[in-house]
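Read the structure below first, then the notes.
Throughout, read-outs are computed from the coordinates displayed, never taken from laboratory work. Note that the structure is predicted; figures quoted are calculated from it, not measured. So basically every Cβ, Gly included, is an ideal-geometry build from the backbone, and we count neighbours across all protein chains shown.
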Amino acid sequence: MDNRDKKHANGIWPRFESYRCSHPQGAGYALSPGNPFKDWNVSDRYAHQSEFKQHRTESHQKGVQMVTALIKKAKMDGLI
């Protein structure tokens, strides 16, 4: 693993694109151009649930669902 990949959710979204573009089958694994974690910070891990805002958590949840679907697809395609 490349040290540049040791990122939190907000930083890894753009890194994925560099891997996707360099893989022959990368076209089938695109993420949305907007990073749903751009407003996330590592300190958010320690925030009390009462501080969570619904619109932020919905955006993060959609991002997780997108990544989960890509992982499932990659497994079905035999890439991982």
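What to note about this one:
- Spatially proximal lysines relative to K75 (Cα-Cα < 21 Å; intrachain offsets below 8 disregarded): K62
- The simple Förster model, with R0 at 35 Å and r as the Cβ-Cβ distance, assigns Q25 and R4 a FRET efficiency of 0.95.
- Fraction of the pair-distance distribution of the chain above 16 Å, Cα-Cα pairs, percent: 58 percent
- Added length on full extension, which subtracts the Cα-Cα distance from 0.36 nm per residue, I71 to K53: 3.8 nm
- Comparing Q65, A47, G26 along the charge dipole axis of the range 15-80, the residue lying farthest to the positive side is G26, per the Cβ-charge model.
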